[in-house]
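> Below is a structure I'd like to ask you about.
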Amino acid sequence: MESRTAQSPRRTALVVGASGIAGSAIVEQLTATPGWEVLALSRTPVPGSSARHIGADLRSPEDLTTALAGERPTHVFFTAWSRQDTEAQNIEVNAGMLRHLLAALEHAPVEHVALMAGLKHYLGPFEAYGRGDMPDTPFLEDEPRLPVDNFYYAQEDELWAAADRQGFRWSVHRAHTVIGHAVGNAMNMGLTLAVQAAICRETGRRFVFPGSEVQWNSLTDMTDGPLLAEHMVWAATTETAGNAAYNVVDGDVFRWRRMWPALAGYFGLEWEGYRGAPRPLEEQMRGAEDVWARIAERHGLVEPDLARVASWWHTDADLGRPIEVLADMSRSRLAGFTGYRRTQDCFTALFDRYRAEHVIP
């Protein structure tokens, strides 16, 4: 007679945006967890991934319908986004991608959909980032929406409408700046700072903090990619955790005036902090493409294209904010999530991994 465990159906996860920081961390976690079949949806396969790849264009309802017609995921993790020139276009494209995906899964036995979001829910879109009346810190999940267009709001509306229609549970995960393992990601402060450090070493420059006086001196927090993955899987598989939005950060707080020297020490660099005005990376690193190509060739690095390893604009936006940014984790803690990281350890572990994989020298 078969055991009860053997008779139990396997869970099937569909990870959307599987090549990004959060998506790849979810794939890594679930492929290492017994009882999961993992489907990785992205335009192209992720090198080395043990998940089964599904190729599809999220902007094409027809493509998604065809690609997912024979799939029956029980849990969906949506971590994809596509940066557009305006917030109106962000709403059209990113809310549309989620809507198309969920419509293509109406035939499937979906139990839970976990949606990755971020603190732009409280700070506003990049067009109005950190400007105007902001909620007080630490940010709480029940803060009212800002009176501005925001693709996060539009995605939430799509998620709730589909949940009502299709009967699945849902969760929204509002991460702060996420650092984790990915190459070619549009928003990756961890790799961006590592590349800045490598260029500084190559050119004999100091490791210069690019951001604002407020960010240099105020308390802040961040989100480790693997912790975000743990959080999304926790919400998707904990019956009492569904149908809610959650902030998700590492659990510690720090000031950049302490973190920056620690990061400089890892790379063996002299450093400079805030001095009178921000010194954005887009200005510091202008014209550094040839420098990076030279570094990559000499050290045998896997990616010689600077644009695929550094996102200066995103790190400038995060470190240039004129207000304190902290997120409250009480809702998750009270619901039973106990994951915790020390952010400095997350940085150094990420740098160690990138070095081992010959992404940075």
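The values are calculated or read from the model by the stated rules, or taken from the named source; none is laboratory data. Note that the structure is predicted; figures quoted are calculated from it, not measured. Note: ideal-geometry Cβ built from the backbone for every residue, glycine included; neighbour counts use all protein chains shown. Ligands, DNA and RNA are excluded from the accessible area calculation, which covers all protein heavy atoms including side chains. Shrake-Rupley method; radii C 1.70, N 1.55, O 1.52, S 1.80 Å.
> Can you confirm whether residue 236 is open to solvent by less than 10 Å² (accessible area, probe 1.4 Å), assigned to a helix (DSSP H, G or I) and small (Gly, Ala, Ser)? Write out each step before concluding.
Values: open to solvent by less than 10 Å² (accessible area, probe 1.4 Å): yes; assigned to a helix (DSSP H, G or I): yes; small (Gly, Ala, Ser): yes.
Against the criterion (open to solvent by less than 10 Å² (accessible area, probe 1.4 Å), assigned to a helix (DSSP H, G or I) and small (Gly, Ala, Ser)), residue 236 qualifies.
To keep it simple, each residue is scored yes or no on (1) of a type in the set (A, V, I, L, M, F, W, C); (2) touching a Leu at 6+ places or on another chain (Cβ under 9 Å); (3) more than 13 Å from residue 105 (Cβ to Cβ).
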{"position": "19", "(1), (2), (3)": "no, no, yes"}
{"position": "24", "(1), (2), (3)": "no, no, yes"}
{"position": "43", "(1), (2), (3)": "no, yes, yes"}
{"position": "46", "(1), (2), (3)": "yes, no, yes"}
{"position": "52", "(1), (2), (3)": "no, yes, yes"}
{"position": "58", "(1), (2), (3)": "yes, yes, no"}
{"position": "62", "(1), (2), (3)": "no, no, yes"}
{"position": "71", "(1), (2), (3)": "no, yes, no"}
{"position": "79", "(1), (2), (3)": "no, yes, yes"}
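> Is region 169-177 home to any residue that is assigned to a loop (DSSP other than H, G, I, E, B), open to solvent by 10 Å² or more (accessible area, probe 1.4 Å) and not β-branched (Val, Ile, Thr)?
Yes; the residues of region 169-177 include at least one that is assigned to a loop (DSSP other than H, G, I, E, B), open to solvent by 10 Å² or more (accessible area, probe 1.4 Å) and not β-branched (Val, Ile, Thr).
> With the requirement that a residue be over 25 Å from the mean Cα position of the chain (by Cα) and assigned to a loop (DSSP other than H, G, I, E, B), what does region 250-305 give you?
Within region 250-305, 268, 269, 270, 273, 274, 275, 276, 277, 286, 287, 288, 300 qualify.
> Collect the residues in region 178-221 that are charged (D, E, K, R), open to solvent by 10 Å² or more (accessible area, probe 1.4 Å) and outside any helix (DSSP H, G or I), keeping them in residue-number order. Outline the logic, then answer.
Pass one, region 178-221, residues charged (D, E, K, R): 201-202, 205-206, 213, 221.
Retained after the next criterion (residues that are open to solvent by 10 Å² or more (accessible area, probe 1.4 Å)): 201-202, 205-206, 213.
Passing the criteria: 205, 206.
> On the basis of being modelled with pLDDT of 95 or more, farther than 30 Å from residue 66 by Cα and of a type outside the set (D, E, K, R), does residue 139 make the cut? Working first, answer last.
Numbers: modelled with pLDDT of 95 or more: yes; farther than 30 Å from residue 66 by Cα: yes; of a type outside the set (D, E, K, R): yes.
Answer is yes for this residue.
> Checking residue 252 against (1) touching a residue at least 12 places away in the same chain (Cβ under 8 Å); (2) open to solvent by 50 Å² or more (accessible area, probe 1.4 Å); (3) among the charged types (D, E, K, R), only one condition comes out false. Which one?
For residue 252, the failing item is (2).
> Here's a follow-up. Report, by residue number, each residue of region 311-348 that is free of Cβ contacts under 8 Å to residues at least 60 places away in the same chain and within 17 Å of the chain's Cα centre (by Cα).
Of everything in region 311-348, just one residue is free of Cβ contacts under 8 Å to residues at least 60 places away in the same chain and within 17 Å of the chain's Cα centre (by Cα), namely 313.
> Look through 244, 262, 288 and report the one residue that is of a type in the set (Gly, Ala, Ser), out of contact with any Asp or Glu (no Cβ under 8 Å at 6 or more places or on another chain), under 23 Å from residue 226 (Cα atoms) and open to solvent by less than 40 Å² (accessible area, probe 1.4 Å).
On the way: 244 fails: out of contact with any Asp or Glu (no Cβ under 8 Å at 6 or more places or on another chain); 288 fails: under 23 Å from residue 226 (Cα atoms).
Of the residues listed, the single one that is of a type in the set (Gly, Ala, Ser), out of contact with any Asp or Glu (no Cβ under 8 Å at 6 or more places or on another chain), under 23 Å from residue 226 (Cα atoms) and open to solvent by less than 40 Å² (accessible area, probe 1.4 Å) is 262.
> If a residue has to be among the charged types (D, E, K, R) and touching a Gly at 6+ places or on another chain (Cβ under 9 Å) to count, how many in region 279-304 make the cut? Write out each step before concluding.
Residues of region 279-304 that are among the charged types (D, E, K, R), as a first pass: 279, 282-283, 286, 289-290, 294, 297-298, 303.
Applying the additional criterion that residues be touching a Gly at 6+ places or on another chain (Cβ under 9 Å) yields 279, 303.
The qualifying residues number 2.
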